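Here the structure is laid out as C-alpha cells; the discussion comes afterwards.
The values are calculated or read from the model by the stated rules, or taken from the named source; none is laboratory data. Only a predicted model underlies this, so the values are computations on that prediction, with no experimental measurement involved. Virtual Cβ from ideal backbone geometry, glycine too; neighbours counted across all protein chains shown.
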Amino acid sequence: MTQKQKHLVVVVGPTAVGKTDLCVQLAKHYGTEIISADSRQFFREMNIGTAKPTVEEQQGVPHHFVNSHSIAEEYNAGAFEQDVLALLEQLFQQHDAVIMTGGSGLYVRAVLEGMDEMPETDLAVREESSRLYEEEGLQALLDKLQELDPIYFAQVDKGNPQRVIRAVEVCVSSGLPYSSFRRSEQQVRPFNIIKIGLTRDRSELYQRIDKRMDLMLQQGLLEEARELYPLREHNALHTVGYKEIFDFLENKYEWEEAVRLLKRNSRRYAKRQLTWFRKNPNEYTWFEPQQWQEIVAYIDERMKE
C-alpha cells in the first residue's frame, strides 16, 4: 500500500448515538465495508445486550468483527490490532476507503497507533486479582495499583475495572510498573486516517439510551443473561447490561432496581466513552449524526490531502 492512497474512515462516539445507521450509509455511499471496533460485538454468544446491528440494519453491507469470536476465547486489543491490519491489507486491494466504527477506545487506538507489548501474566495472579475485585471491590485494586505504579494510577480510567485489574496483574507478574511497558511513540500506518466523532445533545442521548435499554428488555435481555449466567466469569461478560442482571439473578436487588441501574450505568458508560475520545480535543472532528452533507464533504476533503 502506498502512503495516503488508501483511507480508513474512523467513526467513534458513545453508545446509542447513531453510529450504525450513519456508517451503513457511508459504506453504501463509498461502496465499501465496515469494521466493528466494539469489543462486545465480537462475541457470538452476546447479542441483545451488545446492540449488534441486525441483518436488516446492516442493509447488505459486509460487517467484520461482528460475531467473530466466542467469549471462551482470550481476545484483546493487541490481537485485534494485528487482525484488523491484516484484514485492511485485503480490503484495500478492493476499496480505496474502509469504514471502522465503534465505541471501544482502546481497540480503536490499537489500530490507529499500535499497542504496547505487554508481558504474559501469571494465571494465579489473575485469579487473585479477580478475587480481590469480587470480594473487596474496585477501590481495593485501585489502592494496590497506586502502590505498585503511581504513574499509571494517575492516568487510568478509575471507573474501568478491567483496565485496573490488567495493570495490577502486569505489575505483580512482572515485578515492574505497568507504565514501564507503555511506549510513547505511535506507529505510522501506511494509509490515511480520517477521524470523525459523533455526538448529540446530552439529554437526547440519554433518552436514546433509556429507550434502547427498554427495547433490549422487550427483546429478551433477561433470558439472554440467564443463559449466559454460567459463563459470567469470562471477561467479556464483565460489562454493562449483563452485570446488573447477573446481580438480579443472585438476588442482590429487585427487578425494578436492576432496570434502574442498567439505564444509569449505560448512561455513565456513554459519558466515559465521550471522555476517552475527547482527551485530545483536536483528535476528532465532531458532528451530529444528521449532518450527512457536512460529514461527506469533510471526508471528501480529507481524502484529497
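Has region 156-171 got any residue that is on the phi > 0 side of the Ramachandran plot and either out of contact with any Pro (no Cβ under 8 Å at 6 or more places or on another chain) or in the same structural domain as Ala140 (by TED's automatic domain parsing) (or both)?
No, that holds for no residue.
What pairs come out if I take residues in region 260-281 that are free of Cβ contacts under 8 Å to residues at least 12 places away in the same chain and pair them with residues that are in a helix (DSSP H, G or I) and crowded, with 17+ Cβ neighbours inside 10 Å whose C-beta lies under 6 Å away, six or more apart or interchain?
Note: no pairs meet the criteria.
Do we have any residue at all in region 25-35 that's closer than 20 Å to Ala79 by Cα, surrounded by 23 or more Cβ atoms within 10 Å (Cβ to Cβ) and in the same structural domain as Gln94 (by TED's automatic domain parsing)?
Looking through region 25-35, at least one residue is closer than 20 Å to Ala79 by Cα, surrounded by 23 or more Cβ atoms within 10 Å (Cβ to Cβ) and in the same structural domain as Gln94 (by TED's automatic domain parsing).
Would you please name the residue that is modelled with the lowest pLDDT, looking only at residues in region 187-240 that are among the hydroxyl-bearing types (Ser, Thr, Tyr) and under 20 Å from the mean Cα position of the chain (by Cα)?
It comes out as Thr239.
Residues of region 16-46 being among the polar types (S, T, N, Q), under 15 Å from the mean Cα position of the chain (by Cα) and more than 22 Å from Glu204 (Cβ to Cβ), which ones?
Ser36, Ser39, Gln41 - these are the residues of region 16-46 that are among the polar types (S, T, N, Q), under 15 Å from the mean Cα position of the chain (by Cα) and more than 22 Å from Glu204 (Cβ to Cβ).
Determine if region 177-185 includes at least one residue that is touching a residue at least 40 places away in the same chain (Cβ under 8 Å), assigned to a loop (DSSP other than H, G, I, E, B) and under 30 Å from Gln93 (Cβ atoms).
So far as region 177-185 goes, no, none of its residues is touching a residue at least 40 places away in the same chain (Cβ under 8 Å), assigned to a loop (DSSP other than H, G, I, E, B) and under 30 Å from Gln93 (Cβ atoms).
Considering only region 79-90, state which residues are under 17 Å from the mean Cα position of the chain (by Cα) and crowded, with 16+ Cβ neighbours inside 10 Å.
Phe80, Glu81, Asp83, Val84
Determine, yes or no, whether Ser173 is in contact with a Phe, Trp or Tyr (Cβ under 7 Å, 6 or more places away or on another chain), buried (at least 17 other Cβ atoms within 10 Å of the Cβ) and of a type in the set (Ser, Thr, Tyr).
no
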